[in-house]
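Reading through the structure tokens given below for one structure.
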Amino acid sequence: MSSFRAIRSIIVASFGTGARGHGPGSEVFEWIGLVYGQMGRSEEAGVSLRKAVEMDPQSATGHGSLALWHESRSDFEAAEREYAIAADLNRND
């Protein structure tokens, strides 16, 4: 089993599936992105984090995690945009 499949299996087992019960929810992709980031697999991390935000654009934590990823890549303009979205979403909660 590939490392991605192993990680995905563990996270899906912990978080379950998405709201409709069809595959993993946005939280799963966020966690996979964070794990990839810790493994030094930046490109895969970005793909997963963007997918999480795409699945749940109202997730402040998703935007915050994506902002951290952009910051780690020295893309401060994109990081600032994502931090601003996360802050706005937190204010609205």
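FYI, it's all coordinate maths here, none of it is from the lab. It should be emphasised that the depicted structure is a prediction, and the values quoted were computed from it without experimental measurement. Here Cβ is always computed from backbone atoms with ideal geometry, including for glycine, and neighbour counts include all displayed protein chains.
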* Asked: What are the ³J(HN,Hα) values, in whole Hz, obtained from phi via the Karplus relation 6.51 cos²θ - 1.76 cosθ + 1.60 with θ = phi - 60°, for each residue of the range 48-58 in sequence order, with x given for Gly and Pro?
  -> 5, 5, 5, 5, 4, 5, 5, 6, 9, x, 8
* Label-point separation (nm) for ASP88 and PHE76, each offset 7 Å from Cα along Cα-to-Cβ? -> 2.2 nm
* To do: Starting from the amide H of GLY25, placed 1.01 Å from N in the peptide plane, find each other amide H under 5 Å away whose residue is 5 or more places distant or on another chain.
  => GLY18
